[in-house]
1. Could you please find all residues in the stretch 58-68 being open to solvent by less than 70 Å² (accessible area, probe 1.4 Å), at pLDDT below 75 and not in a helix (DSSP H, G or I)?
2. Exactly one of these conditions fails for G55: (1) at pLDDT below 75; (2) open to solvent by 60 Å² or more (accessible area, probe 1.4 Å). Give me its number.
3. Without any contact (Cβ under 8 Å) to a residue 40 or more places away in the chain and on the phi > 0 side of the Ramachandran plot: is that true of G14 in this structure?
4. When the residues of the stretch 1-30 are filtered to those that are modelled with pLDDT of 80 or more and within 20 Å of A41 (Cβ to Cβ), which remaining residue is least open to solvent (accessible area, probe 1.4 Å)?
5. Quick check, is A41 of a type in the set (G, A, S), open to solvent by less than 90 Å² (accessible area, probe 1.4 Å) and in contact with a helix residue (DSSP H, G or I) (Cβ under 9 Å, 6 or more places away or on another chain)?
Amino acid sequence: MPFTIAYTERDSSGNFLSHTSAKSVIMPHTLSYMFIQATVAILILVGFESVTSMGGEAKNPTKHIPSP
């Protein structure tokens, strides 16, 4: 017998509660969330670019740049 949990997407006030599908996870729900997603994406890109350029300028990158 399969076990299924069904959560409502929004509450009585219209506030977002849960995702109903995988597409709902990546889709922006409001315009303000879209700006937050864009800001996070830009910060991730800038952080990645700064680490790669720092690695190119370091004398010994494997010693001076910590690995995750």
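The values are calculated or read from the model by the stated rules, or taken from the named source; none is laboratory data. Being a predicted model, the structure only gives us computed values, none of them experimental. Virtual Cβ from ideal backbone geometry, glycine too; neighbours counted across all protein chains shown. For the accessible areas, the whole protein counts, side chains as well, though only heavy atoms, and no ligand, DNA or RNA atoms are used. Shrake-Rupley method; radii C 1.70, N 1.55, O 1.52, S 1.80 Å.
1. Taking the stretch 58-68 as the starting set, the residues that turn out to be open to solvent by less than 70 Å² (accessible area, probe 1.4 Å) are 58, 60-61, 65.
Still in the running and at pLDDT below 75: 58, 61, 65.
Scanning the stretch 58-68 gives A58, I65.
2. Answer for G55: the failing condition is (2).
3. On the way: without any contact (Cβ under 8 Å) to a residue 40 or more places away in the chain: yes; on the phi > 0 side of the Ramachandran plot: yes.
Yes; evaluated as a whole, the condition is true for this residue.
4. S24
5. Working: of a type in the set (G, A, S): yes; open to solvent by less than 90 Å² (accessible area, probe 1.4 Å): yes; in contact with a helix residue (DSSP H, G or I) (Cβ under 9 Å, 6 or more places away or on another chain): no.
Taking the combined requirement at face value, the residue does not satisfy it.
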